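Here's the structure we're looking at; comments come further down.
The values are calculated or read from the model by the stated rules, or taken from the named source; none is laboratory data. Remember, predicted model here, so these are calculated numbers, not experimental data. Here the Cβ positions follow ideal geometry from the backbone for every residue, glycine too, while neighbour counts run over all protein chains shown. Surface accessibility is based on the protein's heavy atoms, side chains included, excluding ligands, DNA and RNA. Shrake-Rupley method; radii C 1.70, N 1.55, O 1.52, S 1.80 Å.
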Amino acid sequence: MIIITIMIFHMTVRSYPMMRKTHLAARRAWRRLRPRLNSCFVGASSGPGHEDRSEDPSAVSAEKPPHTPVMLKEVLQYLDIQPAQVVLDMTFGGGGHTKAILSTVPEVTVLALDRDPTAISLAQQLAKEHFGRVKPMLGRFSELEDLLSNMNAKPGSIDAVLLDAGCSSMQMDEAERGFSLSKDGPLDMRMDGDRYPDMPCAADVVNTLDQQALASILTAYGEERHARKIASAIVEARRVSPITRTQQLASVVAGSFPPAVLYARKDRLNRPAHMATKTFQALRIFVNDELNELHAGLCAAQTLLKPSGRLCVITFHSLEDRLVKRFLRGDDLSNLDHFSQRKQGTKKENLSHEKSDGSLYWLPLQRKVITPEKDDVKENPRGRSSKLRAALRR
């Protein structure tokens, strides 16, 4: 069980070449800690708070409706779905985009993928309402081609693909999932829920990795300038007591800064943002291997789309958007420098990219990234940081 856990972390940094250099410290930390994991591992097999999850993991709270789909109007415009086409919704979530597609396009078939069992339960309900038009698939982006092969879906057979990256509002709203720093819950953050019992959760990361590895993760996945200070605070706090709750971690991060600067950061609506926000982002991305999965999803879309098929990708932070932008541009993503904000290339190189009309595989449908309109942000503040890139498969 413990060996499987370590292998998952090794796969996170090995399988995506762009992350190798950045997470050398994390890999070394896991190797050093291997002999001690049996005695110090915190909730490795099921995550903190697992014993409290007596209800069905697919149950959905009736108190709150599923999240509002981000940039719905723009997605429908750029996908331009025609009657009887086959659409792949790679992140079904609350089903907002899929429901809109079903209601606006006759005889369309939607293949609904999500790694979260809760989301798939919603997709299954929708499939009952639209018999034969919705086909739910439980799995990750990296598992997509195998899932589709079992459904006899061949490469080049999909008309349109929507990929809505990141964390869903349903996951953020449920305290027991451990994604939100504003709601107290077990420090979990696993998008797959309990599908993989041996998969490390966020508590395992903060209580097991050494200071250098933690700082490496916060820098790479949260682009956190104060990574070393926060990592040091985490290590000091866990010596007193293991960090197993979301607000416990938020307090640890807050305690490493003067009170005056705790909310010094601003979000895109110019609202105060907690200093732990980037820490939570970094842990979530690392635990769920999100950048590797996003790259796998883009590669799958490239294989599955028909010529002239359309792709829309929604991202929520700069790491994701940078990856999508450079993938669609045809850049070589095997070099870590492509993810560095400090190494953006020469002016000559950047100019040549600006003049490029796309890669061998993609033709951009809009030259500049698409952002939500002001009215949409007011109606759905969680979508304020979203960016949409749309492209045509050559």
Can you find a residue in segment 328-350 that is at pLDDT 95 or above and among the aliphatic types (A, V, I, L, M)? yes
Working only within segment 288-300, note down all residues that are in contact with a helix residue (DSSP H, G or I) (Cβ under 6 Å, 6 or more places away or on another chain), open to solvent by 10 Å² or more (accessible area, probe 1.4 Å), over 16 Å from Phe316 (Cβ atoms) and part of a helix (DSSP H, G or I). Ala296
Screening Gly166, Gly94 for residues that are open to solvent by less than 20 Å² (accessible area, probe 1.4 Å), among the small types (Gly, Ala, Ser), part of a loop (DSSP other than H, G, I, E, B) and within 24 Å of Ile370 (Cα to Cα) leaves only Gly94
Could you tell me whether segment 96-104 includes any residue that is touching a residue at least 60 places away in the same chain (Cβ under 8 Å) and not small (Gly, Ala, Ser)? yes
Could you tell me whether any residue of segment 176-195 is open to solvent by 20 Å² or more (accessible area, probe 1.4 Å), of a type outside the set (Ser, Thr, Tyr), over 20 Å from Asp289 (Cβ atoms) and in contact with a Gly (Cβ under 8 Å, 6 or more places away or on another chain)? yes
Considering only helices (runs of 4 or more DSSP H) fully contained in segment 186-285, which possess at least 3 residues that are at pLDDT 95 or above and of a type in the set (Ser, Thr, Tyr)? 211-222
Looking at (1) part of a loop (DSSP other than H, G, I, E, B); (2) more than 21 Å from Arg195 (Cβ to Cβ), can you tell me which one Asp159 breaks? (1)
Out of the residues in segment 120-138 meeting the condition of being among the charged types (D, E, K, R) and farther than 25 Å from Tyr196 by Cβ, tell me which one is most open to solvent (accessible area, probe 1.4 Å). Lys128
Near pairs, Cβ below 6 angstrom, 6+ apart or cross-chain, from segment 78-90 (surrounded by 14 or more Cβ atoms within 10 Å (Cβ to Cβ)) to any residue that is of a type in the set (D, E, K, R) and modelled with pLDDT of 95 or more: Leu79/Arg310; Gln85/Asp159; Val86/Asp159
Applying the selection to segment 362-381, what residues are surrounded by fewer than 16 Cβ atoms within 10 Å (Cβ to Cβ) and either touching a Leu at 6+ places or on another chain (Cβ under 8 Å) or not in a helix (DSSP H, G or I) (or both)? Leu363, Gln366, Arg367, Lys368, Val369, Glu373, Pro381
